[in-house]
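Laboratory data are not the source of any read-out in this text; all were calculated from the coordinates shown. The shown structure was predicted, so the numbers you read here are calculated from the model rather than taken from an experiment.
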Amino acid sequence: MDAGFTEYVTARAGWLRKVAYLLCGDWHRADDLVQSAVTRLYANWPRAVRADNLDGYARRTLVNTFLAEQRTSWWHRVDLRHDDHERPAPGPDVDAALDLRAALDRLPPRQRATVVLRYFCDLPVADTARALGCSQGTVKSQTSKAVDALRELLGEPIREGRA
């Protein structure tokens, strides 16, 4: 059991960390989220390996961990997101990426989770609804509200991959 779990987490840790970062907007907090999610995944590993989609199971565990943390007062009291020590990695359009991350950070947690699952993880509406434990209609409305908010925050059109 431990070998399979260790192999999976080693292979997918970077991906989980990226998803966590997009959810919370802070690399240190993303590491904490991944650690908590991986701990929960280990506790439920026998059930997880029987799942049809292990990545989906791990992703849902991570999103649920993030959403549960948002409901506690700890996150609001200890907010380390404004750390000047973090420097973005150079990329094709760093300014646009930073603007998008800042706008994403201003979305409510469920809308942020919906956008990350739909556009970063490239999940269809049905899979996003399953991951969030809500209806497909809720996913569509949360996605629409989030995209509208991002458009307003960024002041320019956002091209959607899928609706």
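Quick one: length gained pulling Asn64 to Ala102 fully straight, 0.36 nm per residue minus the C-alpha distance?
Length gained between Asn64 and Ala102: 11.5 nm.
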Self-check item: the range 12-25 - phi-based ³J(HN,Hα) in whole Hz, Karplus 6.51/-1.76/1.60, Gly and Pro as x
Solution: 10, 4, x, 5, 4, 5, 5, 4, 4, 4, 5, 6, 10, x
Quiz item: Tell me, what HN-Hα J-couplings in whole Hz come from the Karplus equation 6.51 cos²θ - 1.76 cosθ + 1.60 at θ = phi - 60° for each residue of the range 125-141, using x for Gly and Pro?
Solution: 4, 4, 5, 5, 4, 5, 5, 8, x, 9, 7, 5, x, 5, 4, 5, 5
Self-check item: Calculated from backbone phi, Karplus (6.51, -1.76, 1.60) coupling profile of the range 33-41 in Hz, x at Gly/Pro
Solution: 4, 4, 4, 5, 5, 5, 4, 5, 4
